[in-house]
């Protein structure tokens with residue numbers, strides 16, 4: 001009777017497991033790049049509609065500055 005090593009699922013060579021692990025990591029990295037790209041696109045759209053955020057004399061706002069300015073703008077509209 002063979003004993004399985006802890007954490008070993010049995011079957012498959014270590015090279016194929018390493019290759020599979022690398023592919024999983026590449027997919028995770030690609031998904032994260034897509035997520036960040038989508039987030040940055042959304043922030044750019046938000047900057048484009050916030051007053052004062054896109055005047056030529058103002059450099060591109062940071063993510064946190066964009067969100068804070070948008071929050072303050074919305075609060076001023078509600079009051």
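The numbers here are math on the coordinates, done by the rules we state, and not lab data. Just so we're clear, the structure is a prediction, and the values are computed from it rather than from any experiment. With ideal geometry, Cβ positions are generated from the backbone for all residues, glycine too; neighbour counts draw on all protein chains shown.
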TODO: Could you check the simple spin-label distance between residue 67 and residue 13, using points 7 Å along Cα→Cβ, in nm with one decimal?
DONE: 4.7
Task: Residue exposure sequence - 50, 28 - by fewest surrounding Cβ within 10 Å - done: 28, 50
Open item on the list: Suppose the Debye formula is applied to equal point scatterers at every Cα of the range 17-57; what is log10 I(q)/I(0) at q = 0.18, 0.29, 0.35 Å⁻¹?
Closed with: -0.61, -0.88, -1.02
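Would you kindly state how much longer the chain becomes between residue 41 and residue 77 on full extension, computed as 0.36 nm times their sequence separation minus their alpha carbon distance, in nm to one decimal?
Values: separation 36, 0.36 × 36 = 12.96 nm, distance 2.44 nm.
Here the answer is 10.5 nm.
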